[in-house]
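See below for the structure under consideration.
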């Protein structure tokens, strides 16, 4: 019996270490699954772009997605709808800081105010200065000429 144990001992050690490493990986996967972000997805994609991404990403400090239901001044649409539809933007809720990532993956800091309308205006102004963004802005103000 002792001879058999000595011969399989290295295999048991390897098996034990393998099992230990697998259990460590399982904990990491579990954390990722439980740490899902809330994302308000863009309502349209820019099909005519040659960029690898046809939407923008806006990482917002607001932790409640309903914050983006506030109506944008001069329109009958919510801040979230305007960013997601007119400006092809995914909104990631609950980030540490407010950042806009363009379609070419450039990153821009957005003023982190506690006011969703001010933050939406800042995002629109930043997008307005982008190559596709000015065209999108023109479409937006043509539909809502009474913007404030």
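The values are calculated or read from the model by the stated rules, or taken from the named source; none is laboratory data. From a predicted model like this one, the values you see are computed outputs, not experimental measurements. Here Cβ is always computed from backbone atoms with ideal geometry, including for glycine, and neighbour counts include all displayed protein chains.
Scanning region 48-66 for residues that are more than 15 Å from residue 99 (Cα to Cα) and in contact with a strand residue (DSSP E or B) (Cβ under 8 Å, 6 or more places away or on another chain) returns 64, 65. Of the residues making up region 47-72, just one is loosely packed, with under 15 Cβ neighbours inside 10 Å, assigned to a loop (DSSP other than H, G, I, E, B) and modelled with pLDDT of 95 or more, namely 70.
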